Number of protein chains: 2
Amino acid sequence: MGLLDGEPRVVTAGVSLFADSLADQAVDTVRVDWRPPADDPDGRLAAALARVFADPRRAEADATAVGRMLAAGARLVDVRPAGEALGLERGTFLHAGPPIDWERASGPMRGALQGAMVFEGLASDPDDAARQLATPGAVRLEPCHHHAAVGPMAGVISPSMWVFELADPVGGGRAWCSLNEGLGKVLRYGAYSPEVVERLRWMSAVLGPLLQHAVRDAAGPGAGGPVDVKAIIAQMLQMGDEGHNRNRAGTLMLLRDLLPALIDAPGNATGAAAHLTQADVARAVRFVGGNDHFFLNLVMPACKLMTDAARDVPGSGVVVAMARNGTDFGIQVSGTGDRWFIGPANTPQGLYLGDYGPDDANPDIGDSAITETAGIGGFSMAAAPAIVRFVGGDVAFALATTRRMYEITRAENPAFAIPVLEFRGAPTGIDVTAVVRTGILPQINTGMAGRVAGVGQVGAGLVTPPAEVFPAALHALAELAPPPA
Amino acid sequence: MGLLDGEPRVVTAGVSLFADSLADQAVDTVRVDWRPPADDPDGRLAAALARVFADPRRAEADATAVGRMLAAGARLVDVRPAGEALGLERGTFLHAGPPIDWERASGPMRGALQGAMVFEGLASDPDDAARQLATPGAVRLEPCHHHAAVGPMAGVISPSMWVFELADPVGGGRAWCSLNEGLGKVLRYGAYSPEVVERLRWMSAVLGPLLQHAVRDAAGPGAGGPVDVKAIIAQMLQMGDEGHNRNRAGTLMLLRDLLPALIDAPGNATGAAAHLTQADVARAVRFVGGNDHFFLNLVMPACKLMTDAARDVPGSGVVVAMARNGTDFGIQVSGTGDRWFIGPANTPQGLYLGDYGPDDANPDIGDSAITETAGIGGFSMAAAPAIVRFVGGDVAFALATTRRMYEITRAENPAFAIPVLEFRGAPTGIDVTAVVRTGILPQINTGMAGRVAGVGQVGAGLVTPPAEVFPAALHALAELAPPPA
């Protein structure tokens, strides 16, 4: 192993890259390493792989991309209305996944948009909303990802919803995410009943302003500094959470960190929280503490900061986004800019709530696969063996899954140590070429939305991207590679 | 395997006993099962083992003892001064472990008693306290265990300290424990400086009364019911805690459950908390949230309720207490009543704080081994692989330790499932005969106190009981067995 004499050395920038990823840059090694993809009758894929492997920029580009991903920090710096934070105008709705229109939108995406129209006062009821949404040009739909934002499940963000604002002190990036509503009949799973809209109103009138007071207080002069979301993620991986479908410990740590300032709010807060009472604080604390998934909406933008830091490194095949809109699954890759590589979303398999079954589940939906893109969630299932009681599988599967993900990733994240693997770092930085070479698809843990608008959550389970998005990305990467010398 | 035809069947009372523990009752099986203890030149131990194995009450007695241990619940029903809760009079001090006097007390035990004398206003300073404590008859020292109480490390409880009060809704037992002070320079590790005493005064004036308000509020009519400590222990084992040296998730869950009532206290509390303010609540919440061990003092009395429920079953060799006073290590066994079987405490080995080293550590001290007696702590290390960064060892050791403990315990606790072992129940109910037969000693995780009074904590590590306490208990059990037919 090791580099051939006379070959240029790779700058790894403190990143623990796999030996084989370093060896890739030597053309001699490629022949040894490479196995022909199963389905490549005309040899086009083999040619694309060879072209990418031969790209002299590749090893350093991947090291740069992954190095930036691992170095990014994530601090919770504000909570405010999406209209203000993201400059969203009335009538614009962000959504999860790659771009989509009403025509092709699935049930839960439609349901969430209908509920958001009612919440914004743009429609009198869900049927009215559906009529307007079906009218071309009546509203604007744009992916969260196009606004440095992420949203779980349908991921709908409208101007009056409040969002978490996170900052990366290393690279300077910002990322946003909605506040988590809890489980069951909630907007992000496509429910739109009056209780759903009422809860959103309370979140904008009480929860958001209280969190804003607490977050600004913690981040202000003389306080302990903004909540370090990355540090909480590191801790939660030692506490049985994988950061996607288990966020129990993370939620409790967030609550602990914000508590003193929350308690201080009545009588002391200014601005939107000025009028709020002890009873409002008690209800907010009960709401957050009673929702094990509350912290997911902070893990996601933290992962968005990590993956955004890795964008736009020419020659790099590192995946920087995986996102689903309930119809399509799309990925973006560092070396190919803002292009989406898209295929039909698979339907998750797992455990169902109540009487629901496989026929009730919508295809995969949500920006939450940003967690796997950053090395946690399904990639770090070994840290969260109890998750199998929520998404299916057994503990051996959870351990094997994490071990398998090391085969398609470029680095191990020392900040995200997995205790049961003797503190090995989370497998991080999906390599498009490794996915194509090995046929191993990224493992995603996910919630399952009902396929009919208005239903809400029906379960939780396991899913993978459609295999074809990785060859598509590889071809694009190959086209951008310099011609062979 | 299995029972011989015609043998009486054992009533297991819903308890999943090991096949070999059932097989023990058949005398024929004993000869197969039994290995001679390593150090038994005169055959006395072999004779005692044979006598106990031949006791026809044994299998059912152990099943009863362990069945009661597993069935016991643990609800947090009150917080109040020890004088009131335990009827402690001024000048009486409870301490950890079996009985001990000032003469034989170790440094940290002496330091804690000195600090408690100052805290109670019975001495002007620690030197004055030492003089009084050395005067025979000046104060009364009694084990916590003799008052249905437990205390971590020195375990000193004096009348003005506030205690948690837990109730077992199944067997009707009660158990008490002091409030946790945090780490470092704290009374229970033998520190007695003014800051230590000042903190104890704040705990009695503010923290105790606030917790009392919150606990009574939660337990009162119309509320959710008392905090279910057993349920939190079940959860924490899924969140990387083992309940002895890791109590992070447990502490956060307790905080979550008490929060709404804590927030409600200013202006609404009556009694001792009537005058307390929002700032007091914020400080209390910061204190609890900043002390990862706070919940230990609730795990311990919960385990005390479990093990007390298993006491006094004639013929049972199940251990119902393991406790250390810093000089002696004592155990009590279900079938031998309140007798202590005592040997010299070992000194833990592990990881040291700052510049401290092995020479600074006192021998094993504290009632906290009640956690191992009830199947968690060192027995459930597999649930908490990250603990090895605190007590030493590696993850393989943690997993192997839990697996080894199944060899000396009578049951697996379905309420305390260990995810990484595919949700196998915690190894519970130490069997004196199994310890003697196998030579496997119970594994205890523990804090390490400085051996000099006043120092405080010097580290955390691993320790076992002195081997001789188990043969001593076995002989006593044999003497109580009916003569062979």
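The values are calculated or read from the model by the stated rules, or taken from the named source; none is laboratory data. Keep in mind it's a predicted model, so treat the numbers as computed, not measured. Don't worry about glycine lacking a Cβ; one is built from the backbone with ideal geometry, like all the others, and counts go over all protein chains shown.
Looking at the range A:318-349 only, could you name the residues that are surrounded by 22 or more Cβ atoms within 10 Å (Cβ to Cβ) and on the phi > 0 side of the Ramachandran plot?
The answer is A:G326, and nothing else.
Which residue is surrounded by the most Cβ atoms within 10 Å (Cβ to Cβ), if the candidates are limited to the range A:450-485 and must be assigned to a strand (DSSP E or B) and out of contact with any Ser or Thr (no Cβ under 8 Å at 6 or more places or on another chain)?
It comes out as A:V458.
Can you name the number of the only condition in (1) β-branched (V, I, T); (2) within 16 Å of B:G425 (Cα to Cα); (3) touching a residue at least 60 places away in the same chain (Cβ under 8 Å) that B:T402 fails?
Checking B:T402 against (1) β-branched (V, I, T); (2) within 16 Å of B:G425 (Cα to Cα); (3) touching a residue at least 60 places away in the same chain (Cβ under 8 Å), the one that fails is (3).
I need every pair where a residue in the range A:230-249 that is within 13 Å of another protein chain (Cβ to nearest Cβ) has its Cβ under 6 Å from the Cβ of a residue that is outside any loop (DSSP other than H, G, I, E, B) and β-branched (V, I, T), sequence separation at least 6 or different chains.
Partner pairs satisfying both residue conditions: A:E242/A:I387; A:R246/A:I387.
What single numbered condition from (1) surrounded by fewer than 24 Cβ atoms within 10 Å (Cβ to Cβ); (2) in a helix (DSSP H, G or I); (3) free of Cβ contacts under 8 Å to residues at least 40 places away in the same chain fails to hold for B:L258?
For B:L258, the failing item is (3).
Which of (1) in contact (Cβ under 8 Å) with a residue 60 or more places away in the chain; (2) over 23 Å from the mean Cα position of the chain (by Cα) does A:P226 not meet, given it meets every other one?
(2)
For the structure I just gave you, tell me whether A:G225 is out of contact with any Gly (no Cβ under 7 Å at 6 or more places or on another chain), closer than 17 Å to B:R286 by Cα and away from chain B (no Cβ under 13 Å).
Working: out of contact with any Gly (no Cβ under 7 Å at 6 or more places or on another chain): yes; closer than 17 Å to B:R286 by Cα: yes; away from chain B (no Cβ under 13 Å): yes.
The answer is yes for A:G225.
Tell me, please, whether a residue that is within 14 Å of B:V318 (Cα to Cα) and among the hydrophobic types (A, V, I, L, M, F, W, C) can be found in the range B:416-429.
For the range B:416-429, residues within 14 Å of B:V318 (Cα to Cα) and among the hydrophobic types (A, V, I, L, M, F, W, C): absent.
Find all pairs meeting these conditions: Cβ atoms under 7 angstrom apart; at least six residues apart or on different chains; first residue within the range A:295-310 and of a type in the set (F, W, Y); second residue modelled with pLDDT of 95 or more.
Partner pairs satisfying both residue conditions: A:F295/A:N247; A:F295/A:G250; A:F295/A:T251; A:F295/A:L254.
Is it the case that the range B:285-303 has a residue that's more than 22 Å from B:A234 (Cα to Cα), within 19 Å of the chain's Cα centre (by Cα) and more than 9 Å from chain A (Cβ to nearest Cβ)?
Scanning the range B:285-303, I find no residue that is more than 22 Å from B:A234 (Cα to Cα), within 19 Å of the chain's Cα centre (by Cα) and more than 9 Å from chain A (Cβ to nearest Cβ), so the answer is no.
If the requirement is being modelled with pLDDT under 95 and under 21 Å from A:T446 (Cα atoms), which of these qualifies: A:L179, A:L183? Steps first, answer last, please.
Details: A:L179 fails: modelled with pLDDT under 95.
Of the residues listed, the single one that is modelled with pLDDT under 95 and under 21 Å from A:T446 (Cα atoms) is A:L183.
Residues being within 30 Å of A:P358 (Cα to Cα) and more than 20 Å from the chain's Cα centre (by Cα): count how many of those fall in the range A:405-439.
So the answer is 3.
Residue by residue, here is whether (1) buried (at least 24 other Cβ atoms within 10 Å of the Cβ); (2) β-branched (V, I, T); (3) more than 14 Å from chain B (Cβ to nearest Cβ) holds:
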| position | (1), (2), (3) |
| --- | --- |
| A:S380 | yes, no, no |
| A:R389 | no, no, no |
| A:L399 | no, no, no |
| A:G439 | no, no, yes |
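Suppose we filter the range A:171-208 for residues that are aromatic (F, W, Y), in a helix (DSSP H, G or I) and over 17 Å from A:D367 (Cα atoms); how many remain?
Taking the range A:171-208 as the starting set, the residues that turn out to be aromatic (F, W, Y) are A:176, A:189, A:192, A:202.
Checking which are in a helix (DSSP H, G or I) leaves us with A:189, A:202.
Applying the additional criterion that residues be over 17 Å from A:D367 (Cα atoms) yields A:202.
The number of residues fulfilling the criteria is 1.
Does any residue in the range A:458-478 that is among the aromatic types (F, W, Y) come within less than 8 Å, Cβ to Cβ, of a residue that is assigned to a helix (DSSP H, G or I) six or more places away or on a different chain, and which pairs are these?
Here the result reads A:F470/A:V432; A:F470/A:V435; A:F470/A:V436, each pair linking the range A:458-478 to a residue that is assigned to a helix (DSSP H, G or I).
Any chance you could count how many residues in the range A:228-252 are in contact with a strand residue (DSSP E or B) (Cβ under 6 Å, 6 or more places away or on another chain) and surrounded by 24 or more Cβ atoms within 10 Å (Cβ to Cβ)?
Residues in the range A:228-252 being in contact with a strand residue (DSSP E or B) (Cβ under 6 Å, 6 or more places away or on another chain) and surrounded by 24 or more Cβ atoms within 10 Å (Cβ to Cβ): 4 in total.
Take the residues in the range A:263-278 that are within 8 Å of chain B (Cβ to nearest Cβ) and either within 31 Å of the chain's Cα centre (by Cα) or outside any loop (DSSP other than H, G, I, E, B) (or both); name whichever of them is surrounded by the most Cβ atoms within 10 Å (Cβ to Cβ).
Per the criteria, the residue is A:I263.
Given the condition more than 15 Å from A:C144 (Cα to Cα) and out of contact with any strand residue (DSSP E or B) (no Cβ under 9 Å at 6 or more places or on another chain), answer yes or no: does some residue in the range A:357-365 qualify? It would help to see each step written out before you state the result.
Our first condition is that a residue be more than 15 Å from A:C144 (Cα to Cα); within the range A:357-365, this holds for A:357-364.
Going one step further and asking which of them are out of contact with any strand residue (DSSP E or B) (no Cβ under 9 Å at 6 or more places or on another chain), we end up with A:359.
Checking the range A:357-365: at least one residue is more than 15 Å from A:C144 (Cα to Cα) and out of contact with any strand residue (DSSP E or B) (no Cβ under 9 Å at 6 or more places or on another chain).
Quick check on my filter: what residues within the range B:163-179 are within 14 Å of the chain's Cα centre (by Cα) and not hydrophobic (A, V, I, L, M, F, W, C)?
If the condition is that a residue be within 14 Å of the chain's Cα centre (by Cα) and not hydrophobic (A, V, I, L, M, F, W, C), then B:S178 is the only one that fits.
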